[in-house]
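This report concerns only the one structure given below.
Every number here is computed from the coordinates shown, using simple stated rules; none is lab data. Treat the numbers as computed from the prediction; the structure is a model and nothing was measured. Because the Cβ atoms are built from the backbone with ideal geometry, glycine has one as well, and the counts that use them run over all protein chains shown.
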């Protein structure tokens with residue numbers, strides 16, 4: 001399984017990768033992207049099974065990233081990892097196509113709970 005982690009913060013990407021390992025995804029290949037443009041290039045290359053993306057990023061927001069992904073690959077699961085926890089923002093993310101939302105900071109168990117149903121058996 002290939003998991004794409006998209007965040008403009010290298011520290012946050014490192015935290016997410018560590019949390020994925022702690023959540024039991026040791027066998028997954030984790031691919032990192034520092035922004036939406038890089039993420040779209042990696043998705044276009046193929047082989048991505050799940051996308052974990054920040055919402056607030058320069059150039060292209062996570063919301064816009066979801067919309068582009070879902071327009072091209074509607075079955076590719078996208079989970080948002082964000083500090084945005086208002087009901088309005090959660091609705092915006094869901095309406096854009098997010099398959100799950102994880103609010104920072106989060107325990108590894110939260111990743112496991114959200115990603116578990118999205119993992120192809």
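A few remarks follow.
- Prolate/oblate/rounded label for the chain (Cα gyration tensor, a/c 1.5): rounded
- Most fluctuating residue given options 65, 73, 52, as computed from a GNM of the chain linking Cα atoms under 10 Å: 73
- Centre-to-centre separation between the Cα atoms of region 25-44 and those of region 53-90: 14 Å.
- Estimated [θ] at 222 nm from DSSP helical runs (n ≥ 4, -39500 (n - 2.57)) normalised by residues in the chain, nearest 500: -12500 deg cm²/dmol
- Projected label points at residue 103 and residue 44, each 7 Å from Cα along the beta carbon direction, are separated by 3.6 nanometres.
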